[in-house]
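The values are calculated or read from the model by the stated rules, or taken from the named source; none is laboratory data. Keep in mind it's a predicted model, so treat the numbers as computed, not measured. Every residue, glycine among them, receives a Cβ derived from its backbone with ideal geometry; neighbour counts consider all protein chains shown.
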Amino acid sequence: MRQCETRIYRLSLESPSAEILEEAKRVLEGGGLVAFPTETVYGLGANALSADAVSHIFEAKGRPSTNPLIVHVPDIASAKRLVSEWTPEAEQLAQRFWAGPLTLVLPKSPLIPDIVTAGGGTVALRMPAHPIAQALLKTCGFPLAAPSANRSNHLSPTQAEHVLASLGGRVEMILDGGSTVGGVESTVVSLFHSPPRLLRPGLITPSELREVLERLEVPKSVEVLEENEEALPSPGMLRRHYSPHTPLKLVPEESAYGEVQRLLEEGRRVGWLTFETPSSHPNLSAVTMPREALGYASRLFAELHALDALGLDAVLVTAPPQGEAWMAVWDRLSRASV
Ligand code: TXA
Ligand code: MG
């Protein structure tokens, strides 16, 4: 295992320091790792054109080599150079949703090392909207492979502190841009399939995608989160992909209060993501979440990280509303639950 000192730099969003971006570029050119904020979660970046550099991502995360990475680009022209075919659907989606939280899976160009795609013939591409991610990509001049900057199977990071806690000593630099706004990872769509297929729900919903795409397949395994792992559409979509250490349980709104009371009566220390303003209890750490999907998503991982750090006996989450806007939240909560 490569060990290193982790340097953290706070960057301004309006004018990120060119000097620090150059330092990050030198680290990346040397095969090192740099964590950076995107509009979704923090990414753990390496030079996507270097198999050696990318191998360090898998090592630092403890990520199985069968799980491919997303390649981040500064613009559409760079994306086109990394695929063997840029389809009309890719052009339309990119025009409409880039820069933004949408990842497109397309046939890969030979420029992309096999390790990035886990040996597969397709590559996942995304142009992030975050000013620090964009500035870093422009400074580098090469694309960055970047999964979420957490150890494999742990919660995704939405703050630089989460990255440090998970990957300190395994990443050379963390560019700290404060809390990310989106809070859950990008929507992943495969254009390799016909019709295009939703591989991971995210902030961009199927209805929004259908404003551009004539057809979009939403596999049952994404929609209803079946536990049949063989049917999962994307290697990273294994259940329990986003787990906190504390056992997390999703409970219907009607029974949540009763269940919390029962655990407290048993003397347990309980965390609760709720929509109510709960009465206080010394063993209860309750968080009142917004009843609006984007606001909820933005805070979800940060609140779970905070509850996880308290070493509680259990975390209960009141089930959020149904409906497409909540699909990404449901997906992440189901995967985090026991
Ligand atoms: O918002 C995001 O997408 C964040 C930020 C850092 O950009 N990145 C992220 O990466 O969530 P990661 O590695 O945690 O998730 C990548 C997802 C996984 O589910 C992976 O299996 C899928 O994308 N994926 C990557 N390449 C793929 C490919 N060629 N075909 C199908 N799925 C792919
Ligand atoms: Mg991840």
Original post:
Can you pull out the residues in the range 97-114 that are over 23 Å from VAL181 (Cα atoms) and either surrounded by fewer than 21 Cβ atoms within 10 Å (Cβ to Cβ) or within 16 Å of ligand 2 (Cβ to nearest atom) (or both)?
Top reply: VAL105, PRO107, SER109, PRO110, LEU111, PRO113, ASP114
Subject >> the range 122-138 - residue that is within 10 Å of ligand 1 (Cβ to nearest atom) and in contact (Cβ under 8 Å) with a residue 60 or more places away in the chain and, of those, nearest to LYS25 (Cα to Cα) >> reply: ALA133
Original post:
Could you list, in sequence order, the residues of the range 9-25 that are part of a helix (DSSP H, G or I) and surrounded by fewer than 14 Cβ atoms within 10 Å (Cβ to Cβ)?
Top reply: ALA18, GLU19, GLU22
Subject >> Members of the range 1-19 that are under 16 Å from LEU164 (Cβ atoms) and either modelled with pLDDT under 95 or over 23 Å from the mean Cα position of the chain (by Cα) (or both) >> reply: GLN3, CYS4, GLU5
Original post:
In the range 31-87, how many residues are aliphatic (A, V, I, L, M), in a loop (DSSP other than H, G, I, E, B) and surrounded by fewer than 18 Cβ atoms within 10 Å (Cβ to Cβ)?
Top reply: 1
**OP:** Check ALA94 against each of (1) surrounded by fewer than 24 Cβ atoms within 10 Å (Cβ to Cβ); (2) within 12 Å of ligand 1 (Cβ to nearest atom); (3) closer than 14 Å to THR187 by Cα; (4) of a type outside the set (Asp, Glu) and name the one condition it does not meet.
**Re:** (2)
Original post:
Can you tell me which residues in the range 183-215 are more than 9 Å from ligand 1 (Cβ to nearest atom), within 20 Å of the chain's Cα centre (by Cα) and either surrounded by fewer than 19 Cβ atoms within 10 Å (Cβ to Cβ) or of a type outside the set (A, V, I, L, M) (or both)?
Top reply: GLY183, ARG197, PRO201, THR205, PRO206, GLU208
**OP:** Among residues belonging to the range 142-151 that are surrounded by fewer than 24 Cβ atoms within 10 Å (Cβ to Cβ) and more than 9 Å from ligand 1 (Cβ to nearest atom), point out the one that is farthest from LEU106 (Cα to Cα).
**Re:** ARG151
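So for the range 20-32 (the condition being within 21 Å of PRO101 (Cβ to Cβ) and within 23 Å of the chain's Cα centre (by Cα)), does at least one residue qualify? Spell out how you get there, then give the answer.
At the first step, the residues of the range 20-32 found to be within 21 Å of PRO101 (Cβ to Cβ) are none.
The answer is no; no qualifying residue exists.
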